[in-house]
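Following: one structure in structure tokens, then a few remarks.
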Amino acid sequence: MIGLIVNPLAGMGGRVALKGTDGVVDEAIRRGARPVSPELVRLFLRELSHYEEVKSITFLTGPGPLGEDYLREFGFNSEVIPLEVCYRNVEGVKIPDTTAEHTKRLAREMLGKVELIVFAGGDGTARDLLEIIDRKVPILGIPTGVKMYSGVFAVSPEKAAEVLAKFLRGEVKIEEREVRDIDEESFRRDEVRARTYGRALVPVVEGLVQGNKEAVKIDEAGELEALVEAIAEEILESDGVYFLGSGSTLRRIKERLGIDGTLLGVDIVEVQDGAVKLLVKDATERDLLKFIDKNPRVVVTVVGGLNFLFGRGNQQFSADVLRRIPKENILVVATPDKIKGPVRVYTGDKEVDEKLRGYIRVRVSPWMEKLVKVI
């Protein structure tokens, strides 16, 4: 028996620049957000249905949007834990009125009954599980949240299905991985306050399960500053609209350009005759789409430790946005210590992901590029 717990509201704050969803679901909907977790769970189950091993298992899950609905849709055997789920209407959008207590209640009921708990959510959901199960049963995350810095997540919903199949065949290693989370209120103010909440048991397959988000140290402070200076000068010399991504490297570039941009969000700027104008600070997916016909150039970096280019913490760059941006308009900036093997993209759209895969040039110094594989 395998547990399945779905946080149906996870990830709603990503595309609308809220850096998370905890406590801001109503605001996310007012900004145009819609549930994203259900579709990603369906991707997981669709992929899982291709494996012969799953015919021998029964899922223990929650009612309705907490798991039952999706398992029934794909014809999986399941047993449902009785739990009341109410709904509410926000700005014309009907959503389940679920909280962390739903996750914790399901986890308690699963203890001693399942060999593995698969959950759909982000770092907050992982924390809720850890509080109840500690290291009594392994967990595996289907990445559907905004912040997924813990080492408990598969790199995509489809790869989570592959990990589960390998778990059923006994082809995984069970390792202890950190569960980390960032205070979302501070995060929205561009303050990073990360904390490790404990360690969970995780079925690990190399290349299919991500590591922890780590701070990447710069060996030479001057190396980063020289890179920032060079990129800023190149932007100033080329008129047009730019989408400037998140992270400390991009923040330094924004400062060098003389704009009050965000550390953890996406900013839209326009350059004309060497002058920079901040058009939108902390832009949402909807904001990016408003400027998509301006042939914008995108400047982003790699999430250190996770090796993600798109799909972790910058969901404003959605499939709809990236579909309309030529690959040659994407400038990746990263110091060499951030590039540890291939980098990943995951938008949930196979066509868009395939467009971005292959190789991409990464500026690693003022005078040097590195050809990096995108997977």
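The values are calculated or read from the model by the stated rules, or taken from the named source; none is laboratory data. Bear in mind that the values here come from a model prediction, so they are computed numbers and not experimental data. Cβ coordinates were reconstructed from backbone atoms using ideal geometry, including for glycine residues, and neighbour counts include every protein chain displayed. Heavy atoms of the whole protein, side chains included, go into the accessibility calculation; ligands, DNA and RNA do not. Shrake-Rupley method; radii C 1.70, N 1.55, O 1.52, S 1.80 Å.
Over the chain, accessible surface divided per residue gives 42 Å², non-protein components excluded, 1.4 Å probe. Largest GNM mean-square fluctuation among Met12, Met110, Met148, using the chain with Cα springs under 10 Å: Met110. Using the Cβ-Cβ distance between Arg72 and Glu328 with R0 set to 56 Å, the FRET efficiency works out to roughly 0.80. For the chain, a Gaussian network of Cα nodes joined below 10 Å ranks Glu255, Glu285, Glu91 by mean-square fluctuation, and the top entry is Glu91.
Across region 273-288, computed HN-Hα scalar couplings (Karplus, 6.51 cos²θ - 1.76 cosθ + 1.60, θ = phi - 60°) run 6, x, 9, 10, 10, 7, 7, 9, 9, 6, 6, 9, 4, 4, 4, 4 Hz from first to last residue, x flagging Gly and Pro. For Leu60, the residues 5 or more places off, or on other chains, whose built amide H falls under 5 Å of its own are Ile2, Gly3, Leu4, Glu79. Under a 5 Å amide H cut-off, with hydrogens placed 1.01 Å from N, Leu264 pairs with Gly247 among residues at least 5 apart or on other chains.
Computed from the Cβ-Cβ distance with R0 of 51 Å, the FRET efficiency linking Arg34 to Glu234 stands at 0.85. Here Leu66 sits with roughly 0 square angstrom of accessible surface, probe radius 1.4 Å.
Let a ≥ b ≥ c be the square roots of the eigenvalues of the Cα gyration tensor of region 247-375; is it rounded (a/c under 1.5), or, if not, prolate (a/b larger than b/c) or oblate? Oblate shape, in that a/c is at least 1.5 and b/c is the bigger or equal ratio. In straight-distance terms, cross-link reach from Lys55 covers every one of the aspartates and glutamates whose alpha-carbon lies under 14 Å from its own, apart from those fewer than eight places away in the same chain; here that gives Glu47.
With an a/c value of 1.5 or above and a/b not larger than b/c for the gyration tensor axes a ≥ b ≥ c computed over the alpha-carbon atoms, region 222-323 is described as oblate. Could you please state how large a percent of the accessible area of region 1-102 is carbon and sulfur, counting protein chains only and using a 1.4 Å probe? The computed percentage sits at 45.
Bridgeable aspartates and glutamates around Lys277 (alpha carbons under 16 Å apart, same-chain partners fewer than 8 residues away excluded): Glu233, Glu234, Glu237, Asp239, Glu255, Asp260, Asp267, Asp287. Compute the Cα gyration tensor for the chain, then decide on rounded, prolate or oblate, letting a ≥ b ≥ c be the square roots of its eigenvalues: rounded whenever a/c is under 1.5, prolate when a/b is larger than b/c in the other cases, and oblate in all that remain. Since a/c reaches 1.5 and a/b is larger than b/c, the shape of the chain is classed as prolate. Looking only at Val163, Val345, Val93, which one moves most when the chain is put into a Gaussian network model with springs between Cα atoms under 10 Å? Ranking Val163, Val345, Val93 by mean-square fluctuation puts Val93 first. Principal axis extents of the C-alpha atoms in region 43-134 (largest first, rounded to whole Å): 42, 33, 25. With helices as the sole contributors, the chain gives -8000 deg cm²/dmol at 222 nm; each DSSP H run of n ≥ 4 counts as -39500 (n - 2.57), and the sum is divided by every residue.
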